[in-house]
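Here's the structure we're looking at; comments come further down.
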Amino acid sequence: MTYNDTVCEALALALLRLMQNKNFEQITISEIVKLAGVSRSSFYRNFESKEQILFEYIRGLYQDFFRAGDVPERQNSADDFRTFLLPRFRFIKEHSLIFSVLVEHNMLYEFFRQTEQDLILLLCGQNESVSPYHRAMYSGACAGVIRLWYENDFLETEEEMVSLFLPRI
């Protein structure tokens, strides 16, 4: 990890910590750099705005989300979907802090809206006939399920979440 990567990570984590107690709009660059322990010039060398910090962090999270676990060659059976879903529910639980922040700041739907094309590709394969409405339905369903899981304090295990999700796909 380079120094620049370390600075970017420190800024992202500082922003996330601040978002746990404060509205995103009320957070200042000064608060972020102070909590991160970096200078304002380090901030502006890497980002143009606090929104960009969050966007870049979510983009990295999104990439990690899709790298979590194997993707079966085909998703025709319950076992194929289980193979696909279980590591992603584990990923969400492991990263419950960021997903909690996304829920609290009404950004979870944006995360899944950004992922919907890849999500459909993974769930449905190269089926070009999947309409934009189906993509919206899947991304909305994913966000809704994760929001409810968060509201239940991630009480259910990842395996239980897969079992709840599978009959609906």
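Quick note: the coordinates plus some simple rules give every number you see, no bench work behind them. These numbers were taken from a predicted model, which means no experiment stands behind them. Using ideal geometry, Cβ is built from the backbone for each residue, glycine included, and neighbour counts are taken over all protein chains shown.
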Provide 137, 19 in ascending order of the number of other Cβ atoms located within 10 Å of each residue's Cβ, fewest first. 137, 19
Shape metrics for region 3-50, restricted to C-alpha atoms - Rg then Dmax, Å: 9.8, 29
How far apart, in nm, are the 7 Å Cα→Cβ label points at residue 97 and residue 151? 2.5
DSSP-assigned coil residues among trypsin sites (Lys or Arg not before Pro) in region 1-73, each with at most 16 further Cβ atoms within 10 Å: 22
